[in-house]
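The values are calculated or read from the model by the stated rules, or taken from the named source; none is laboratory data. As the structure is a prediction and not an experimental result, all values here were calculated from the model. Glycine gets a Cβ as well: all are built from the backbone with ideal geometry, and neighbour counts include every protein chain shown. The protein model used for the area step is the full one, side chains on, heavy atoms only, and it has no ligands, DNA or RNA in it. Shrake-Rupley method; radii C 1.70, N 1.55, O 1.52, S 1.80 Å.
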Amino acid sequence: MNNWAHKHVLDLASFSLEDYSTVIALADRFRSLPETGTRKLPALQGKLITTLFFEPSTRTRSSFELAAKKLSADVQNFAPQSSALTKGESPLDTAITYMSMGADVLVIRHNLSNISAEIASYIDQEGLNTSILNAGDGLHSHPSQGLLDLFTLASFFNPNEPSTKSLSGKNIAIVGDILHSRVARSNLWALTACEANVILCGPQNLLPDDFVQFIDSPPPGIKKDPINKRGNISIERSLKDCLKDVDAVMTLRLQKERMKKSLITDINRYYFDYGITHENLKYCRRKIPVMHPGPVNRGIEISSEVIQDNSISLINQQVRNGIPIRMALLYLLTNRKLTE
Ligand code: ASP
């Protein structure tokens, strides 16, 4: 196994090609464990994984919990509504409390961008050993989702040997509310790193023109892009033109909780223009897989028929692949010094 240099996983902008390869290879091994009759590994015995979800979650929190349990870790979950947050305790003080109880990894979700980074920098300043795994911060980043999407696509294109190479030269469409989506941002780093080209599609108010330059400016703290050659990003306003020549499409939820005002006044029109329906998929030259990170709003960004069409929908596979990807991340963070 390659060297793993990350103490925390805050976003994917800092990931090298080797990092992506390491995660995919490990996730692939974890995914095939049931075939060998192994349901659980002792790898994280004695480790404590704490999930601090200040924002709601169905898939991410439960799959981190399951991933940790499959590696025999102890798991501690935090329930914000019944916590001291209601008495005014800050997220940092909440995190410090759980670190004092011995958390090896804090898996954090918050509606503010950069909360995970703030807690990680406190840890580093204090010389503490806990790792932070960002499970979604505002509209900034959702690295484990970006990785499971990458793994799902790589497995689709190359089922026997999914790797970063499986994505090279592929054209992947991301459709919908890009502006408010941390999933889109993490996918942009991951997909372009593997030399896939990303075609973004949505109306102007959900997809500003400057998204084509997204990968030109790595976030603060990253001096040099660790990837030598990235795929391209382009924008198509019309779904018809976007879908014509793509190899896969990922659609996104309208993130109303992050909109200051309603940006879509006519939902039917939006569904007609940007909904992933069998009708709109006729614009594709070939049959392509459809992805969605969930939760889905049926009849707004995607139809029920497409979700249930097993010949094209990868949505359930995305959920399933979330477990080995999160096992890989937890393993790498808790075995930093042991990887060889
Ligand atoms: N579950 C994803 C996220 O937490 C996508 C979404 O909420 O629409 O960002």
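Within the accessible area of region 256-335, what % is carbon and sulfur when the probe is 1.4 Å and the other protein chains stay in place?
Working: 2010 of 4080 Å².
The C+S portion of the solvent-accessible surface of region 256-335 is 49 percent.
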Calculated SAXS-style log₁₀ I(q)/I(0) at q = 0.09, 0.12 Å⁻¹ - the chain, Debye, Cα scatterers | -0.46, -0.84
Quick one: helix 59-70 against the long Cα principal axis of the chain, what's the angle to the nearest 10°, folded into 0 to 90?
-> 40
Loop GluC sites (Glu not before Pro), region 37-122, which have at most 14 other Cβ atoms in a 10 Å radius of their Cβ (DSSP) | Glu89
Taking region 247-323, which trypsin sites (Lys or Arg not before Pro) meet the DSSP loop condition and have no more than 14 other C-beta atoms within 10 Å?
-> Lys260, Lys261, Lys282, Arg285, Arg286, Lys287
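Within 14 Å, Cβ to Cβ, of Gln145, how many net charges do the neighbouring residues add up to if Lys/Arg are +1 and Asp/Glu are -1? Show your work: numbers first, answer last.
On the way: positive: Arg59, Arg61, Arg109, Arg182, Arg185, Arg253, Arg320, Arg326; negative: Asp11, Glu55, Asp137, Asp149.
My count for the surroundings of Gln145 gives +4.
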Give the shape of region 116-212 as rounded, prolate or oblate, defined through the alpha-carbon gyration tensor: a ≥ b ≥ c are the square roots of its eigenvalues, a/c under 1.5 means rounded, and otherwise the shape is prolate if a/b is larger than b/c and oblate if not.
-> oblate
For Ser121 the rounded accessible area (nearest 10 Å², probe 1.4 Å, non-protein molecules ignored) is 50
Prolate/oblate/rounded label for region 255-340 (Cα gyration tensor, a/c 1.5) = oblate
Coil-residue chymotrypsin sites (Phe, Trp or Tyr not before Pro) of region 252-301, DSSP, other Cβ within 10 Å capped at 15 | Tyr283
Taking a Cβ-Cβ separation under 4.7 Å as the criterion for a possible partner, which cysteines of the chain have none?
-> Cys194, Cys284
Could you name the lysines in cross-link range of Lys256, using Cα to Cα under 28 Å and dropping any fewer than eight places away on the same chain?
-> Lys87, Lys240
Could you do me a favour and compute the accessible area per residue for region 224-309, 1.4 Å probe, result in Å²?
-> 55
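For Leu314, what charge total do you get from the other residues with a beta carbon under 13 Å from its beta carbon, if Lys and Arg give +1 and Asp and Glu give -1?
Details: positive: Lys287, Arg320; negative: Asp149, Asp247, Asp309.
Here the charged neighbours net out to -1.
For region 79-118, what is the accessible area per residue in Å² when the probe is 1.4 Å?
Working: 2040 Å² over 40 residues.
Spelled out: the 1.4 Å probe surface of region 79-118, per residue, equals 51 Å².
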Do the alpha carbons of any pairs in Lys244/Lys287; Lys7/Lys223; Lys170/Lys244; Lys170/Lys229; Lys170/Lys282; Lys224/Lys260 sit beyond 22 Å of each other, and which pairs?
-> Lys224/Lys260
Find the relative contact order for the chain and round it to a whole percent, using C-alpha pairs within less than 8 Å whose residues are 6+ positions apart.
-> 22
For region 86-117 and region 126-144, write down the distance between their C-alpha centroids in whole Å.
-> 10
Accessible-area composition of region 1-140, carbon plus sulfur, in percent [1.4 Å probe] | 49
